[in-house]
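**Student:** Before we start, here is the structure in question, set down as structure tokens.
The values are calculated or read from the model by the stated rules, or taken from the named source; none is laboratory data. Fair warning: this is a prediction, and the values are worked out from it, not measured in the lab. Please note: Cβ atoms are built from the backbone with ideal geometry, for glycine as well, and neighbour counts cover all protein chains shown.
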Amino acid sequence: MSAPAAVATAVRATTGEAALVARRRARRDAGLLAATAVLLLLTLVVALALPRIASRTADVAVRDAVRAAGAEADLVVRGLPPAATYGAPDHLSQAASDLRWLEARVGDVGPDVVTLETPGFVTGTPRGPVLARFVHTGRPDVDDADGGVRWTSGAAPQTRPEPAEDEEDAATSPPEPRVVEVGVAERTAAETGLAVGDEIVVTTATTSGGARAVVTGLYTPVDPADPRWRTVPDALGPVRAPPAARAESSVALLVPEPAVRGLMAASAPAAVRASARTVVTTEGMSLADALALRDDLAPHVGQGGRVETALVDVLAATGARLAAARAQASVLVAGLGTVGALCLVLAAGLLVDRRRTHLVAERARGAGLAGVALRAALESVPTAVLALGVALAVVLPVGGTGAPGVALLVALVAAAAPPVLAVAAAARAWSPRRVPADRRERARHAALVAARRVVAELTVALLAAGAVVAVRQRGLVPAAGGEVDPLLAAAPVLLAAAAAVVVVRATPAAVGALRGVADRTRGLGATLALARAQGATTGVVAVLAGTVAVALVVLAGTVLHTVRVGQRDAAAALVVGDVRVDGTLPAGLADDLRARAGVTHVAQGAQLPGRSLGSRTGATATLLVVDAAELAAVRTAAGLPVDPDLAALADAGAGAGAGAVPALLSPDLADRLAGLPLRLGVLDGSVDLELRGTTTLTPDPGAPATDGRAAPPDGGDDDGLVVVDRAALAATTTAPAADRLWAAGPGAGAAVTDTGVDAQEGVDVTTRDGWWRAWSGSALTAGLTSLLGAGTALLLLDLVLVLVLVAVASAPARGRTLSALRTLGLDARTAAWATAGELAPLAAGALVGGTLIGLALPLLVGDALGLTLLTGEPQTAAVRWTAWPVALAAAASLAALAVAVVAEQAVRRRDRLGEVLRVGER
């Protein structure tokens with residue numbers, strides 16, 4: 001036969017009637033194939049959707065963080081020229097030029113705002129003194145003819161002509177004061193009594209001759225949410241003035257563009273401060289846009305840069321939190337894909353077992369292994385391709401981004417598993433292994449097989465250990481979309497594989513050890529169950545699938561519990577008491593709060609970084625000056641750890657007089673300076689310190705933010721912390737003014753609100769419950785919670801599916817045994833116990849192995865999960881274990897056993913004993 005004819009014959013032998021055979025088999029096993037296709041579709045949808053949902057959550061989280069940062073996220077351009085150098089028109093056009101410079105480097109990222117401001121001055125109004133200032137705000141990027149206001153009374157301010165000078169009297173008479181026309185908001189007019197035509201005495205820096213302001217019109221804002229108002233809220237109405245202003249309210253006198261030249265002419269040189277800023281818009285912003293903006297801004301922010309903004313820090317902090325969420329999503333997606341793929345392998349094995357007789361017959365009739373593989377592939381490949389296409393059609397409209405690697409791997413397993421298993425079954429049927437007649441040769445062959453198995457198991461263990469070590473050394477990787485982190489995703493799967501190897505090794509021995517107990521029991525149930533369980537627990541695929549599912553259920557539950565408890569602890573640690581106040585504190589605020597109901601303790605403090613410590617030691621420290629006894633009481637009320645010597649600082653300082661100030665130092669700093677005289681620089685001098693112990697406190701971060709920057713501070717560049725009592729320091733030198741206050745008590749929050757300090761400019765009030773609600777209710781935290789919750793539910797379903805598939809796969813052999821035993825008097829109850837006992841060791845092994853892996857994984861991978869970034873705690877987040885994830889996994893295993901037993905009983909109940917006796921084992 002010629003070579004072409006031989007090739008053609010081989011092709012016909014391989015492909016002949018392959019489509020017809022595949023169609024007939026598919027029709028015969030339509031139910032199982034449909035169930036497998038549904039399982040594949042659901043797995044693909046989950047593997048494709050979860051990363052995309054995580055990506056969309058990341059986009060929302062970035063937008064929320066930028067909005068929460070407020071004006072701090074604005075891009076402010078440095079380098080505007082002084083007003084006296086250029087005059088008003090040049091001043092405004094220079095600001096517009098700076099904005100164009102910024103747009104050329106970062107693009108059009110939001111509306112532009114130019115603001116001119118003067119220092120505040122106290123002036124009288126019909127209803128009392130107010131702190132007033134001149135303000136101009138404009139939008140050079142839009143048609144700003146109306147200045148963003150609607151004039152409801154009077155007329156828009158204009159620049160008045162300069163007063164005419166009499167040459168004869170110019171040398172002897174003082175110059176006339178210049179008039180600046182201004183507008184006043186209607187709300188300001190209502191609260192201060194100002195009206196059109198009123199004159200306002202100007203006491204700020206002016207040109208020679210002075211100036212006076214005249215109200216020419218009242219206005220209302222066209223859009224109160226316009227970005228132009230975010231830095232001048234007093235232009236919309238009165239706001240609370242700072243404590244030292246000798247006035248209760250602060251108001252802005254609006255100077256529209258036609259009147260700016262008059263303001264500049266009436267103002268002293270450099271009295272007008274100008275700023276050009278871009279308000280970053282968050283509408284439509286994605287994570288990729290934010291990262292690109294951060295990269296564009298980075299060269300122009302910081303020392304030597306022309307842009308002042310906190311946006312880079314906000315995006316960096318948010319990116320770190322997103323990396324933590326992405327790490328956990330990676331583990332979940334990879335785990336779901338792995339368990340789904342293993343379930344597909346079990347389903348393919350069940351399909352091949354059903355067709356084993358036909359495959360053996362094909363092989364006996366001369367079919368080649370390539371033909372067997374082709375006929376199986378004609379079913380699996382189209383099913384996998386169709387399921388992948390449907391999954392993409394379902395998921396793509398969701399939006400977001402995400403790497404489809406896990407989904408492609410699952411589809412590949414679904415397409416390849418049936419042909420591979422079919423070829424293996426056909427090959428084993430007609431390629432039996434030859435057993436040597438020599439006993440020593442058989443022992444050598446068995447030892448070789450055992451050695452190969454040990455090598456494979458050790459390889460799995462080494463891969464798992466290597467993955468854990470690599471993840472620990474690498475740590476958390478930056479977020480970059482919704483893709484899966486492959487290394488971190490592989491770690492739990494490899495650990496679960498190692499645990500499955502241990503379970504497969506240990507369970508037969510444990511089952512064998514229970515045989516003695518089973519043999520002493522009445523009936524056949526226990527003995528029969530253990531006899532069949534001996535083989536049921538050696539299936540690596542089933543054990544691995546169950547172990548991975550349980551491990552990820554326990555891990556997801558542990559992470560959820562750790563994040564929830566950690567966020568509560570973070571709120572307590574950052575706020576310290578029930579409420580904290582940061583900024584310029586009004587005089588007597590602490591005493592006022594102590595006198596109010598529901599307030600148990602109030603402590604004040606101040607913090608000075610970069611203080612030199614010791615003589616020629618090169619050490620610097622952060623100085624924390626506090627009411628020591630009160631702070632100890634506040635921390636005790638909040639359930640926070642308290643240094644044993646903290647409260648004693650106040651008592652020791654009371655008797656110290658003008659000598660050394662008692663102090664606590666950080667442990668590392670105390671060890672470094674042991675035995676050396678301690679002298680600390682304060683404000684206008686230095687003081688000697690008397691070391692009274694060490695402290696576990698860290699530098700106070702100030703008012704905690706909710707824009708992602710609540711992550712713990714790193715302590716700056718200082719070598720440690722020094723804590724002293726305020727009264728003790730004040731007795732020796734000038735103590736810094738208190739700029740932070742902590743209050744404890746059930747009514748502390750309401751008491752602070754009643755004082756009105758929260759409405760004061762430059763003061764931040766943070767309650768513990770308020771910060772916790774804002775942090776835990778953010779899009780990132782809520783999205784991660786939903787993701788972990790949905791993933792846990794899907795993993796529990798997968799765990800039930802694994803046990804059901806194992807039960808179905810072993811049902812024929814078990815059915816034949818039970819049918820034979822029924823003819824000997826085996827009752828249905830004992831048969832049910834035998835079924836449950838056969839599957840119980842598999843479920844128990846997966847439960848124990850998966851639980852151990854799930855509980856240990858957060859400790860093994862270290863910071864790679866980024867738990868601290870999600871909790872916001874000042875210290876590294878501790879793992880909080882809880883019992884409910886283990887209970888959920890155990891309940892799912894018991895439910896799967898119950899389903900398997902009830903289903904098998906329902907099937908066997910229809911079997912008639914007479915037919916079994918006549919036909920034989922079934």
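**Student:** Under 21 Å from the mean Cα position of the chain (by Cα), within 30 Å of Leu803 (Cα to Cα) and not in a loop (DSSP other than H, G, I, E, B): is that true of Leu857 in this structure? Quick ask: steps written out before the conclusion?
**Tutor:** Details: under 21 Å from the mean Cα position of the chain (by Cα): yes; within 30 Å of Leu803 (Cα to Cα): yes; not in a loop (DSSP other than H, G, I, E, B): yes.
So Leu857 fits the description; yes.
One line per residue, one yes/no per condition, for (1) among the small types (Gly, Ala, Ser); (2) more than 24 Å from Ala807 (Cβ to Cβ); (3) not assigned by TED's automatic domain parsing to the domain that holds Ala47:
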site: Cys343; (1), (2), (3): no, no, no
site: Ala347; (1), (2), (3): yes, no, no
site: Val360; (1), (2), (3): no, yes, no
site: Ala370; (1), (2), (3): yes, yes, no
site: Ser380; (1), (2), (3): yes, no, no
site: Val390; (1), (2), (3): no, yes, no
site: Val398; (1), (2), (3): no, yes, no
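**Student:** Moving on. Looking only at the stretch 625-648, filter to residues that are surrounded by fewer than 19 Cβ atoms within 10 Å (Cβ to Cβ) and β-branched (Val, Ile, Thr); which one of those is nearest to Val579 (Cα to Cα)?
**Tutor:** Per the stated criteria, the residue is Thr636.
**Student:** Does the stretch 240-257 contain at least one residue that is touching a residue at least 12 places away in the same chain (Cβ under 8 Å), under 23 Å from Trp101 (Cα atoms) and among the β-branched types (Val, Ile, Thr)?
**Tutor:** no
**Student:** What are the residue pairs meeting all of these: first residue in the stretch 583-604, first residue within 18 Å of Ala750 (Cβ to Cβ), second residue at pLDDT 90 or above and among the β-branched types (Val, Ile, Thr), Cβ atoms under 7 Å, and 6 or more apart or on different chains?
**Tutor:** Qualifying pairs under 7 Å: Ala590/Val602; Leu593/Val599; Leu593/Val602; Leu593/Val752; Arg594/Val602; His601/Val634.
**Student:** Okay, next question. What about Asp718, is it over 27 Å from Ala633 (Cα atoms) and either touching a strand residue (DSSP E or B) at 6+ places or on another chain (Cβ under 6 Å) or at pLDDT below 85 (or both)?
**Tutor:** yes
**Student:** Here is a further query. With respect to Arg326, determine if the residue is of a type in the set (Lys, Arg), farther than 27 Å from Thr137 by Cβ and either buried (at least 24 other Cβ atoms within 10 Å of the Cβ) or without any contact (Cβ under 8 Å) to a residue 40 or more places away in the chain (or both). Talk me through it step by step, then tell me what you get.
**Tutor:** Working: of a type in the set (Lys, Arg): yes; farther than 27 Å from Thr137 by Cβ: yes; either buried (at least 24 other Cβ atoms within 10 Å of the Cβ) or without any contact (Cβ under 8 Å) to a residue 40 or more places away in the chain (or both): yes.
So Arg326 passes the test.
**Student:** Pick out the one residue from Ala316, Ala268, Ala288 that is surrounded by fewer than 22 Cβ atoms within 10 Å (Cβ to Cβ) and within 15 Å of Glu117 (Cβ to Cβ). Spell out the reasoning first.
**Tutor:** Details: Ala316 fails: within 15 Å of Glu117 (Cβ to Cβ); Ala288 fails: within 15 Å of Glu117 (Cβ to Cβ).
Checking each option against the conditions leaves just Ala268.
**Student:** Looking only at the stretch 71-109, filter to residues that are within 30 Å of Pro704 (Cβ to Cβ) and exposed (fewer than 15 other Cβ atoms within 10 Å of the Cβ); which one of those is modelled with the highest pLDDT?
**Tutor:** So the residue we want is Ala71.
**Student:** Going residue by residue through the stretch 425-439, is there one that turns out to be at pLDDT 80 or above and surrounded by 15 or more Cβ atoms within 10 Å (Cβ to Cβ)?
**Tutor:** Scanning the stretch 425-439, I find at least one residue that is at pLDDT 80 or above and surrounded by 15 or more Cβ atoms within 10 Å (Cβ to Cβ), so the answer is yes.
**Student:** Okay, next question. Anything in the stretch 860-891 that is farther than 15 Å from Val331 by Cβ, surrounded by fewer than 23 Cβ atoms within 10 Å (Cβ to Cβ) and over 18 Å from the mean Cα position of the chain (by Cα)? List them, or say none.
**Tutor:** Within the stretch 860-891, Trp881, Thr882, Ala883, Trp884, Val886, Ala887, Leu888, Ala890, Ala891 meet the criteria.
**Student:** So, in the stretch 332-375, of the ones that are within 20 Å of Leu388 (Cα to Cα) and small (Gly, Ala, Ser), which residue ends up surrounded by the most Cβ atoms within 10 Å (Cβ to Cβ)?
**Tutor:** That would be Gly340.
**Student:** Here is a check on your reading of the model: is Leu680 part of a strand (DSSP E or B) and among the aliphatic types (A, V, I, L, M)?
**Tutor:** Yes.
**Student:** So, in the stretch 138-164, how many residues would count as being outside any strand (DSSP E or B), among the charged types (D, E, K, R) and under 30 Å from Val109 (Cα atoms)?
**Tutor:** So in the stretch 138-164, the residues outside any strand (DSSP E or B) come out as 139-148, 155-164.
Filter again for among the charged types (D, E, K, R), leaving 139, 141, 143-144, 146, 160, 162.
Still in the list and also under 30 Å from Val109 (Cα atoms): 139, 141, 143-144, 146.
Number satisfying all stated conditions: 5.
**Student:** Out of Ala652, Ala628, Ala632, report the one residue that is touching an Asp or Glu at 6+ places or on another chain (Cβ under 9 Å), at pLDDT below 85 and of a type in the set (A, V, I, L, M, F, W, C).
**Tutor:** Working: Ala628 fails: at pLDDT below 85; Ala632 fails: at pLDDT below 85.
Checking each option against the conditions leaves just Ala652.
**Student:** For the stretch 558-642, please list each of the strands (runs of 3 or more DSSP E) lying entirely inside it that holds at least 3 residues being within 24 Å of Gly770 (Cβ to Cβ) and assigned by TED's automatic domain parsing to the domain that holds Pro667.
**Tutor:** Strands (runs of 3 or more DSSP E) meeting the threshold: 601-613.
**Student:** Next question, about the same structure. Of the residues Leu560, Leu585, only one is more than 30 Å from Gly762 (Cα to Cα), surrounded by fewer than 24 Cβ atoms within 10 Å (Cβ to Cβ) and hydrophobic (A, V, I, L, M, F, W, C); which?
**Tutor:** Leu560
**Student:** Let me ask another. Need the failing condition index for Pro299 against (1) touching a residue at least 40 places away in the same chain (Cβ under 8 Å); (2) farther than 30 Å from Glu176 by Cα, just the number.
**Tutor:** The number of the failed condition is (1).
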